[in-house]
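Right, one structure below, let's go through it.
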Amino acid sequence: MKVLSVVGARPQFVKLAPVAAALADAGVEHVIVHTGQHYDARMSDVFFDDLKIPAPDVHLGVGSGSHGVQTGAMLAGLDPVLDQHKPDWVLVYGDTNSTLAAAVCAVKMHLPIAHLEAGLRSFNRRMPEEHNRVLTDHAADLLLAPTQVAMDHLATEGLADRSVLVGDVMTDVCFLVRDGVADSPIELPDSMDAGAPYLLATIHRPDNTDTPARLEAIVAALRDLPVPVLLLAHPRLVAKAADHGIELTGGTLHQTAPFAYPQMVRAVMGAAGVVTDSGGLQKEAFLLDTPCTTIRPETEWVETLENGWNILDNDLSRLRDVAVRERPAGAKPAPYGDGHAAQTVAQVLIERAG
Ligand code: UD1
């Protein structure tokens, strides 16, 4: 059996790592196609190196652009690649433009599509990811859902007979890396003290970065937090802040380039809290027992909200009071599985091929 994975953006490389290992263990032929959506070494290469992902077999080198330009270039690049390989499954991951492009390309060529991390919904149609998820789920033949909530969303949309609950592969990679870095030092910039309480922050969603007033308000709120804040600045944030003339430092705020995955996991483990608008990081904070405050009106990962492990604060009115808080008391539920989802993914792909 041949599986062809299409990835392109940082969170997809993280999900690819355990899946590639599980497919290799199961003896499945696996072709990796990188669209080139993310291309900076810190956004791409370090993930392949640190997470021991085989180098992509094909690299489309698409790069950045508006949604239409970027997605269109991926479609044009993928056509001959899918035609050449004719895989048993085109496996797509998550909700980026690379996901949608691969799904559209495959469905037009009558190639079976499996969507990993199917069924997530924010119900916020301003998010590009929401269009990407919904369109991909409805194009796909096999929907690999991470949680029961995702399964329920798929059933509501009439997709129950194509859906399988496999668990969350991000748990697999997160726990594996956590166990590997637990005894290593926390690497923070020299301007910060890893022995004292600190917060870790990321902001990259268009709704938070693209309007000067909104970005200014978020940066002002981060500068005003009670302990030092390390902002891991995504290139999109850096570009938008420069356009708007906004400094990403000042007050308690420190800025640095995005971390590699192991460095990130270690830093989250040692942090007093995480402040973010990332989907993946909300869940990583939850998995690593660190309270998270999310600068968005809603979350797809609703399970993290239980017991206050994650708090939504889109209007920034509570951030100063809640960013540093005690870990919630009591037993934490485990809605994202035990770290063996990728094996199930490989099994289901094998069982359902053809
Ligand atoms: C993309 C995904 C988003 C995901 C995020 C993870 C879409 C619509 N969005 O958002 O779901 O959460 O990745 O990081 O697919 N840039 C660089 N170097 C890079 C990559 C990007 O400088 O290696 C800059 C460029 O200015 C680019 C901008 O970042 O225009 C945005 O990149 P893009 O891939 O369009 O979207 P992300 O914001 O990264």
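So what is the relative contact order of segment 65-184, in percent, for Cα pairs below 8 Å that sit 6 or more residues apart?
Normalised by residue count, the contact order of segment 65-184 is 20 percent.
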Q. Farthest toward the dipole's positive end in segment 179-322, which of Phe286, Leu237, Val181, given Cβ charges of +1 (Lys, Arg) and -1 (Asp, Glu) about the Cα centre?
A. Leu237
**Q.** Backbone N under 11 Å from the Glu29 label point (7 Å along Cα→Cβ), restricted to segment 84-111
**A.** 85-88
Q. Which percent, to the nearest 5, of DSSP beta bridges fully inside segment 203-340 are antiparallel?
A. 10
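So if a site counts as exposed when it's one of the GluC sites (Glu not before Pro), its DSSP state isn't H, G, I, E or B, and it has at most 16 other Cβ atoms within 10 Å, what's the longest stretch of the chain without one?
By the stated rule (loop sites, at most 16 other Cβ atoms within 10 Å), 1-156.
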Q. Among Leu312, Pro328, Ala353, which residue has its Cα positioned farthest towards the positive end of the charge dipole of segment 303-354, with +1 placed on the Cβ of Lys and Arg, -1 on the Cβ of Asp and Glu, and the dipole taken about the Cα centre?
A. Pro328
Q.
To the nearest 20 Debye, how big is the dipole of segment 179-322 about its Cα centre, given +1 on the beta carbon of each Lys and Arg and -1 on that of each Asp and Glu?
A. 260
**Q.** Residues in segment 295-327 reached by a label modelled at Ala155 [backbone nitrogen below 18 Å; 7 Å Cα→Cβ]
**A.** 302-303
Q. Counting Lys and Arg as +1 and Asp and Glu as -1, each charge on the Cβ, what is the dipole of the chain about the Cα centre in debye, to the nearest 20?
A. 360
Q: Would you mind getting me the FRET efficiency between Asp40 and Lys86? Use the beta-carbon distance for r and R0 = 41 Å, nearest 0.05.
A: 0.80
Q | For segment 116-160 versus segment 241-311, the gap between their alpha-carbon centres in whole angstrom | A | 24
Q | Shape category assigned to segment 179-322 from the gyration tensor of Cα positions, a/c cut at 1.5 | A | oblate
Q.
Given contacts defined as C-alpha pairs under 8 Å and at least six residues apart, what's the relative contact order of segment 1-143, whole-number percent?
A. 23
Q. Which distance in nm do the two modelled labels at Asp183 and Glu247 give, with both placed 7 Å along the Cα-to-Cβ direction?
A. 4.3
Q: Specify which residue in the list Pro258, Val275, Asn208 is farthest towards the positive end of the charge dipole of segment 179-322, using unit charges on the beta carbon of Lys, Arg (+1) and Asp, Glu (-1), about the Cα centre.
A: Asn208
Q | Sum of -39500 (n - 2.57) over DSSP H runs of 4+, divided by residues of the chain (222 nm, nearest 500) | A | -12500 deg cm²/dmol
Q: Only helices at least 20 Å long along their axis, Cα-based, and averaging 0.5 or more on Kyte-Doolittle count here, so list those DSSP H runs from the chain.
A: 10-25
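No lab work stands behind these numbers, since they all come straight from the coordinates. None of the values given here were measured: they were computed from a predicted structure. Here the Cβ is made from the backbone with ideal geometry for all residues, glycine too, and neighbour counts use every protein chain on show.
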